[in-house]
Structures are given as structure tokens and as C-alpha cells.
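The values are calculated or read from the model by the stated rules, or taken from the named source; none is laboratory data. As the structure is a prediction and not an experimental result, all values here were calculated from the model. Note that we place each Cβ from the backbone using ideal geometry, even for glycine, and neighbour counts take in every protein chain shown. Accessible surface is based on the protein model in full, side chains and every heavy atom, while ligands, DNA and RNA are left aside. Shrake-Rupley method; radii C 1.70, N 1.55, O 1.52, S 1.80 Å.
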Amino acid sequence: FVYLAALDSGYTPSSIVIDAPFVFDQGPGLIQWKPSNYTNKFYGPSPIRIGIEKSRNLMTVRLAQMIGMEIIADYAERFGIVNHMPRMLSMALGAGETTLVKLTTAYGMLVNGGKRINATLIDRVQNRQGKTIFRHEKRDCKYCKNIEWDGQDAPNLPENLQYLVDPRSAYQIVAMLEGVVKRGTGQRLRKVGKPLAGKTGTTNNSFDTWFIGFSPNLVVGVFVGFDEPRSLGRGETGASLAAPIFQAFMSSALAKKSPIPFRIPKGIRLVRINALTGKRALPGDKRVILEAYKIKTILEKN
């Protein structure tokens with residue numbers, strides 16, 4: 001969601017951010033904050049797509065500083081991840097608390113084109129006569145009552161979902177999260193053999209591990225941790241613990257489903273890009289991907 005805020009603020013997936021040491025002075029009498037990547041290495045100037053694919057903390061926190069935590073907090077609150085996010089840079093790396101349902105629902109809004117979703121455990125309640133006395137779906141279909149099926153087209157339900165972000169920005173994030181599966185920390189999920197996207201997450205000392213991911217029609221969140229917080233083991237990560245659970249579930253859930261590509265909204269153009277540099281691909285480039293750009297930014301960037 002830091003990167004989503006960036007894309008809505010004029011960045012592209014190929015915009016360059018420096019992956020280098022970051023030191024933040026927290027004030028008199030406080031130690032300096034020095035976040036690091038999981039590998040404890042620095043990788044220099046990199047496209048922000050790589051920041052997501054490789055889970056680069058230093059790129060993320062530097063990007064958050066450039067955008068401003070006020071803007072990022074607005075996105076976190078808008079998508080229902082937290083109600084009141086502290087305006088601190090560490091929040092950009094997940095220092096705050098949320099729930100699995102809230103975070104999974106927020107990812108569902110991304111793959112849903114940036115439209116609001118309200119999570120529910122109950123779709124509908126009927127009384128003993130079969131009359132619906134509660135339904136989660138708020139849309140009304142006046143043509144759906146007392147009709148007989150005779151091969152006619154199904155009624156169209158009105159679309160009343162609120163857009164939280166530009167659908168093009170939402171798709172760009174989906175495409176970047178698909179890169180996590182194709183080239184990044186979630187590569188093991190390629191074995192499922194269906195279009196998938198998502199993000200690994202690991203807290204300090206491996207106390208909590210996450211994987212939130214989705215296909216075009218199904219979003220799944222996995223959290224692994226102890227009720228009384230303690231380390232899950234040295235070197236354990238979202239990729240090693242949470243992602244395999246996601247993989248097992250999706251392999252079963254999608255086994256009989258035909259592969260469906262992620263939906264591309266209007267106003268997006270796919271351009272052949274060098275995945276390492278973020279520049280237009282040249283003949284002979286080995287790591288070439290199709291990058292999603294908002295049409296008005298293609299010439300500005302390249």
C-alpha cells in the first residue's frame with residue numbers, strides 16, 4: 001500500500017529508488033533508527049517493482065519518506081487495514097497491528113480494481129418460511145423476483161461499489177504482486193500453474209509470518225505465529241511457512257478451474273521492459289517483462 005500510494009502520486013513501476021543504508025534521527029536522547037533488508041545487503045538504484053518482488057525494506061521506507069506518511073496513512077485507513085495509523089516511518093514496514101481479515105480484505109480490493117469490499121461471515125439469513133430477513137448484498141434487483149427461467153438473459157445488478165483508488169494504479173500493483181510469484185519471494189507458488197499474485201511478510205526475529213495472495217477471483221490470507229508471541233525459528237519467513245499453506249490451498253481450490261488472466265482496465269498499456277533497469281527492453285536483453293503503464297506516463301518515463 002506504500003507502493004500503491006506512490007503509483008497514485010505519479011510514480012511508475014519503473015521509477016528508481018535507491019536501496020542503500022537508511023538512518024533516521026528520532027530525536028534527543030533516542031537511538032537512531034536503522035532499518036535493514038532481510039539479507040542485510042544493499043542493492044543500489046532499483047525499479048520500485050523490485051522493491052515489492054524482493055521485499056526490500058530500505059526501498060520501501062525511503063519511498064515512504066519521499067511520499068510522506070500522511071498520504072500513506074490515508075491509504076491504510078481508506079482500505080481498512082488500520083483505523084488510525086501513527087505517522088511514523090516504521091509503519092511503512094508493518095510495525096502496526098492489524099488482523100488477517102482486514103489485510104486479506106484490503107488485498108481483495110486491489111484485485112477487485114480498487115473497489116471497496118466489506119468482509120462478512122454471513123451472506124444471508126432466512127426464516128423458517130424461506131423468507132430472507134437479512135442479506136449482506138445491499139444491491140436490489142427488481143427484475144429478480146417472481147420470474148420464470150425461459151432462457152432469457154440474466155438481469156444485470158446495478159454496480160454500487162465505491163472506487164477507493166484509480167483502477168489503473170490498482171492493476172499496476174496487482175501486476176507487481178504477480179511478479180512476486182514469478183520472480184520474487186513467492187516463486188514456489190509457480191508450481192500451482194495458475195495466475196497468482198501476492199506478498200510475503202516476516203516480522204522481526206521471525207515472530208510472525210504472512211502470505212496474502214490471490215487469483216483473479218479468489219483472495220486468501222495466511223498468518224503463522226504463536227498465540228504467545230515468540231520466534232518461529234531462525235530463518236523462518238513468510239516464504240518458508242505461510243506461502244506453502246497458501247500453495248496447498250490454492251492447488252486444491254483451483255485444481256479444476258481454467259487459468260484466468262488478471263483483468264486489465266482501460267488506460268493501461270503493456271510495454272516490454274528490462275526487469276533489472278526499468279528501461280525499455282533492447283535486443284539481446286535477457287530479463288524482459290511486460291510492464292503496465294498508465295498511457296499518459298509511457299512517453300514521460302521512456
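Under 8 Å for C-alpha pairs, at least 6 residues apart: give me the relative contact order for the chain, rounded to a whole percent.
After rounding, I find 16 percent.
Using the charge dipole of the stretch 15-98 (Lys, Arg: +1 at Cβ; Asp, Glu: -1 at Cβ; taken about the Cα centre), state which of G68, P35, G80 has its Cα farthest towards the positive end.
So the residue we want is P35.
Using a 7 Å offset from Cα along Cα-Cβ at N217, what residues in the stretch 226-266 end up with backbone N under 14 Å from the label point?
253-263
Any chance you could check the Cα centroid distance between the stretch 186-256 and the stretch 8-32 for me, in angstrom?
27 Å
Let me know the charge dipole size of the chain about its Cα centre in debye, to the nearest 20, where only the beta-carbon of Lys, Arg (+1) and Asp, Glu (-1) is charged.
Value, rounded to 20: 920 debye.
Net charge around P195, counting only other residues with Cβ within less than 11 Å of its Cβ (Lys, Arg = +1; Asp, Glu = -1)?
Working: positive: K182, R190, K194, K257, R263; negative: E178.
Its environment carries a net charge of +4.
Tell me, what is the 1.4 Å probe accessible area of S90, in Å² to the nearest 10?
40 Å²
Would you list which aspartates and glutamates come within 15 Å of K296, measuring only between C-alpha atoms, while excluding same-chain residues fewer than 8 positions from it?
D8, D166
Would you list which lysines come within 26 Å of K54, measuring only between C-alpha atoms, while excluding same-chain residues fewer than 8 positions from it?
K34, K41, K102, K182, K191, K194, K199, K279, K286, K294, K301
Tell me the angle of helix 243-253 to the major Cα principal axis of the chain, expressed in degrees between 0 and 90 and rounded to the nearest ten.
Taking the Cα atoms of the chain, the angle to 243-253 is about 20 degrees.
Once both axes come from the Cα atoms, what is the angle between helix 100-111 and the longest principal axis of the chain, in degrees from 0 to 90, rounded to 10?
Roughly 80 degrees between the two axes.
Just to confirm, what accessible area per residue do you get for the stretch 146-259 at 1.4 Å probe, in whole Å²?
Per residue, the stretch 146-259 has an accessible area of 56 Å².
Considering only protein heavy atoms and a probe of 1.4 Å, how much of the accessible area of the stretch 1-110 is carbon and sulfur, as a whole percent?
56 percent
Tell me which GluC sites (Glu not before Pro) from the stretch 145-178 have a DSSP coil assignment and no more than 11 other beta carbons within 10 Å of their own. Walk me through the numbers before you get to the answer.
Working: sites: E148, E159, E178; in loops: E148, E159.
Those that pass, being in a loop and sparsely packed, are E148, E159.
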